[in-house]
Amino acid sequence: MGRLAPRPLLLALLSLALCRGRVVRVPTGTLVRVVGTELVIPCNVSDYDGPSEQNFDWSFSSLGSSFVELASTWEVGFPAQLYQERLQRGEILLRRTANDAVELHIKNVQPSDQGHYKCSTPSTDATVQGNYEDTVQVKVLADSLHVGPSARPPPSLSLREGEPFELRCTAASASPLHTHLALLWELHRGPARRNVLALTHEGRFHPGLGYEQRYHSGDVRLDTVGSDAYRLSVSRALSADQGSYRCIVSEWIAEQGNWQEIQEKAVEVATVVIQPTVLRAAVPKNVSVAEGKELDLTCNITTDRADDVRPEVTWSFSRTPDSTLPGSRVLARLDRDSLVHSSPHIALSHVDARSYHLLVRDVSKENSGYYFCHVSLWAPGHNRSWHKVAEAVSSPAGVGVTWLEPDYQVYLNASKVPGFADDPTELACRVADTKSGEANVRFTVSWYYRMNRRSDDVVTSELLAVMDGDWTLKYGERSKQRAQDGDFIFSKEHTDTFNFRIQRTTEEDRGNYYCVVSAWTKQRNNSWVKSKDVFSKPVNIFWALEDSVLVVKARQPKPFFAAGNTFEMTCKVSSKNIKSPRYSVLITAEKPVGDLSSPNETKYIISLDQDSVVKLENWTDASRVDGVVLEKVQEDEFRYRMYQTQVSDAGLYRCMVTAWSPVRGSLWREAATSLSNPIEIDFQTSGPIFNASVHSDTPSVIRGDLIKLFCIITVEGAALDPDDMAFDVSWFAVHSFGLDKAPVLLSSLDRKGIVTTSRRDWKSDLSLERVSVLEFLLQVHGSEDQDFGNYYCSVTPWVKSPTGSWQKEAEIHSKPVFITVKMDVLNAFKYPLLIGVGLSTVIGLLSCLIGYCSSHWCCKKEVQETRRERRRLMSMEMD
């Protein structure tokens, strides 16, 4: 220790470190080692928080001698000459484990190494705080431990899996001290090491990782034989037991209640080779079986094991020849207890211990694939346990299921072909030539539509409807809405016939239609699998699109007749390109050529609709309500009759015919309309000619005066008795300076003397009377400004025929007369002037009264003037 003083430089550097009270520690008690082993003494400093590594010095003292420098971590010349050579050889070295810890290693300990070892750390503290050194005693014992295998050289054991084996090693110690032995069996397989089973120095057994279950079941045991032999027993060898076995023995001693391992020795005991069990499973490579038959596959097992092993056989199925891929499923299994696990359609049996049969009943198309036989051999273990000794998988057995496709034909016929739009279309898809043995076959249908195109165009088919194997019908996009509306109907009326009906065929429905009948085969799980499709030949639905043609011809059976006779006209109708037509007829009348009274007026007389309902249109002759008749003679012929014809009935008569096509049951669609040629009624007569004129003595009146208008009728030609004449007179007015407005009916007087007057919005009144045989007077009482305008009369003469019937003549109109209504200025302003003068007088008197009252009561003041003021005023006036 005196050599520490001449190191002032190092001490100065160490004085920079921040140190405080510290304690140096080495192991307590006595360390015991055996000659030839390695001695390791750790030393560390507690409560050291310096920034750098702590330095250590080691010294040795044999029993009764002083300490000699042994080694130092920071001074090369510190060790004594005695230990320089061992330090150079590496037998003595220091190994730092931390900044404040170091270990002293002495390899190949010799008896001279027994003594005391002191670990110290230099200090530059001003004051000593703590312990700067510590000492430990080391005892060195002679090597008295003998370990060896049961046989030399180490044997090599060749075993079969499942066979037992034993390994032994001997271990004994002649140490004078009370020591204990610990033993460990270790298995080496290449670079890997596994602890099999250990016996500690305290007499406890510890199985290695993976051997716990085998140890507890008694399969792996460790016991002693005699005084120095240790036996490892394995009742049934496994493939994992192959390798080299070492016996590792360690010697322990108890010092002051702590156990120390003083030495350890290992010896190679034996090499165990586990011969693999030969196991092969063979199945036929390719098997073909007819649908509905039984599939029988045999798995033959080959093995070299003849002891008590039990096979476990599993049959699996896969769509691919690789059984390792996902998707394979287990069909049946026979476990090692000979219990079969299968399904009702699959059976597994074995004829002997090496042959196992798989039976699949009623095979179907879905049974086509690859079959595998998985075999596992199980050997019994200790305490009724079992372990797998071998496993094998057969090559795939390819099974092809051949089935007889349903043989049938499909025919498509059009039971209803449309000739026009809105006609129904009905197609029947029939399955024919089926075999009677196809009881497990179900037929469904799919309907397709393909548009008519040129031959060089690519045409795609559109799905109308498809039926699945469970009879579920699904519509395509083209037919979904119309099927929901009931326009497309898909049905199956018979076992072998499918129907498709279009209630109202449109132009877009023209094209090719075909059906596809699918055959479905029933499987074992009651599901249906499609096995075949058969296409029918297409049926073309087409009709030419031509314009509808409707022709109406009218004729008159009796072309010459006189007034009072019956007029008859027949109309013959012919049509083309109109589906199931029905006709409605309307009889029209026009004024003859040259009649300018109303040349553009067309009068509707009577009609008959497509349902044969007759209706009077604008026939207003109340005396002849039943005078016109329209009837249907045939489907395409109609007859019109007019009884007791009048001269006023003269004109051009036509038949207006409309053709209707049925749609949606009771509904009708207008297809075409046509007008017949005219039939003229012309009365050639030499009777009287009537004229009408209007006269007024007061064409200009003052408002409020009476307006008189006379309608005068003159007769030219043959003279008539006044009793044989009658007139319908009507007065009209156009309240404008011109005739640009519609005439307004004022009043009418029929031939029976009945007067009818229209309602008006002003106060003037009207009266109409017959003043003579040929004169009619219209009077406007209390005329107003609105009564100005053009007035004319309309006269319809009636003449009694020799037969006593009244004949209506043509209506005649007079020329208009303009009536002016002037305003009476004096009368107009009389009342306003009187009212104004009266109001002004009243207001003036009232104003005077209010002014007087205000000045007398409200504004009166008494002013007292002095005489002086008066005199001053007088003097001013005088000036």
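The values are calculated or read from the model by the stated rules, or taken from the named source; none is laboratory data. From a predicted model like this one, the values you see are computed outputs, not experimental measurements. Every residue, glycine as well, gets a Cβ built from its backbone with ideal geometry; the counts of neighbours run over all protein chains shown. All accessible areas refer to the heavy atoms of the entire protein, side chains included, with ligands and DNA or RNA removed. Shrake-Rupley method; radii C 1.70, N 1.55, O 1.52, S 1.80 Å.
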#### Entry: Overall Cα dimensions of region 429-541 - principal axes, largest extent first, Å
47, 34, 22
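So for region 502-660, Kirkwood radius off the Cα pairs, Stokes-Einstein at 37 °C and 0.692 mPa s: how many µm² s⁻¹? Working shown, then result.
On the way: Rh = 20.4 Å.
Translational diffusion coefficient: 161 µm²/s.
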### Query
Can you give me the pair-distance distribution of region 279-402, C-alpha pairs, 5 Å bins, whole percents?
2, 11, 21, 24, 19, 12, 6, 3, 1, 0, 0
### Query
Name the chymotrypsin sites (Phe, Trp or Tyr not before Pro) in region 52-93 that are in a loop by DSSP and that have at most 12 other C-beta atoms within 10 Å, would you?
none
### Task
Using only the Cα atoms of region 369-412, construct the convex hull and provide its projected area averaged over every direction, in square nanometres to one decimal.
6.0 nm²
## Note on the structure
With no solvent term and unit scatterers on the alpha-carbon positions of region 689-822, Debye gives log₁₀ I(q)/I(0) at q = 0.11, 0.12, 0.22 Å⁻¹ of -0.40, -0.47, -1.33
### Task
Could you tell me which GluC sites (Glu not before Pro) in region 100-209 are loop residues by DSSP with no more than 12 other beta carbons within 10 angstrom of their beta carbon?
Glu202
### Task
At 1.4 Å probe size, with no ligands or nucleic acids counted, give the accessible surface of Ser175 in Å², nearest ten.
20 Å²
### Query
What are the ³J(HN,Hα) values, in whole Hz, obtained from phi via the Karplus relation 6.51 cos²θ - 1.76 cosθ + 1.60 with θ = phi - 60°, for each residue of region 207-216 in sequence order, with x given for Gly and Pro?
x, x, 5, x, 10, 4, 5, 5, 5, 5
### Summary
Rg (one decimal) and Dmax (whole number) from the Cα set of region 478-589, in Å, equal 27.2, 96
### Query
Of all the Cα-Cα pairs you can form in region 369-445, what percent are over 19 Å apart?
70 percent
#### Entry: Rel. contact order, % - alpha carbon contacts under 8 angstrom, at least six apart, region 689-822
34 percent
### Query
Over the chain, what percent of the accessible surface lies on carbon and sulfur atoms, probe 1.4 Å?
52 percent
### Query
So what's Rg/Rh here for the chain, counting alpha carbon atoms and using the Kirkwood radius for Rh?
1.50
### Query
At 222 nm, what helix-only mean residue ellipticity would the chain give, in deg cm²/dmol to the nearest 500, using -39500 (n - 2.57) for each DSSP H run of four or more?
-2500 deg cm²/dmol
### Query
Roughly what % of DSSP beta bridges within the chain run antiparallel, to the nearest 5?
95 percent
### Query
What accessible area per residue comes out for region 429-541, rounded to a whole number of Å², with a 1.4 Å probe?
55 Å²
### Message
Can you give the local net charge around Ser623? Use residues other than it whose beta-carbon is closer than 14 angstrom to its beta-carbon, Lys and Arg +1, Asp and Glu -1.
### Response
0
## Note on the structure
Here the net charge surrounding Ala353, from other residues whose Cβ is less than 15 Å away from its Cβ (Lys, Arg +1; Asp, Glu -1), is -2
### Task
Give me the angle, in degrees from 0 to 90, between the Cα long axis of helix 867-878 and the longest principal axis of the Cα atoms of the chain, rounded to the nearest 10.
60 degrees
### Task
Note down the accessible area of Asp223, probe 1.4 Å, to the nearest 10 Å².
50 Å²
### Task
May I ask for the Rg/Rh ratio of region 145-275, computed from Cα atoms with Rh as the Kirkwood radius, given to two decimals?
0.98
### Task
With no solvent and one equal point scatterer per Cα, compute the Debye intensity ratio I(q)/I(0) for region 303-344 at 0.16, 0.21, 0.24, 0.28 Å⁻¹ and report its log10, rounded to two decimals.
-0.56, -0.77, -0.84, -0.93
### Message
Using a probe radius of 1.4 Å on heavy atoms only, what accessible surface per residue do you get for region 661-754? Whole Å² is fine.
### Response
56 Å²
### Task
For region 841-850, take each phi angle, set θ = phi - 60°, evaluate the Karplus expression 6.51 cos²θ - 1.76 cosθ + 1.60, and give the result in whole Hz per residue in order, putting x for glycine and proline.
4, 4, 5, x, 5, 5, 5, 4, 4, 5
### Summary
Taking a crude spin-label model, label points 7 Å out from Cα along the C-beta direction, the Gln137 to His695 distance in nm is 18.2 nm
### Query
Which percent of the Cα-Cα distances in region 647-745 go past 19 Å?
72 percent
### Rg [Å, one decimal], Dmax [Å, integer] - region 187-247, C-alpha atoms
11.8, 34
### Query
Just the accessible area per residue of region 145-275, please: how many Å² with a 1.4 Å probe?
50 Å²
### Summary
Rounded to the nearest 10 Å², the accessible area of Val26 using a 1.4 Å probe with every protein chain kept is 10 Å²
## Note on the structure
trypsin sites (Lys or Arg not before Pro) in region 717-800 lying in a DSSP loop, each with at most 15 other Cβ atoms within 10 Å of its Cβ, come to Lys741, Arg751, Lys752, Arg759, Arg760, Lys763
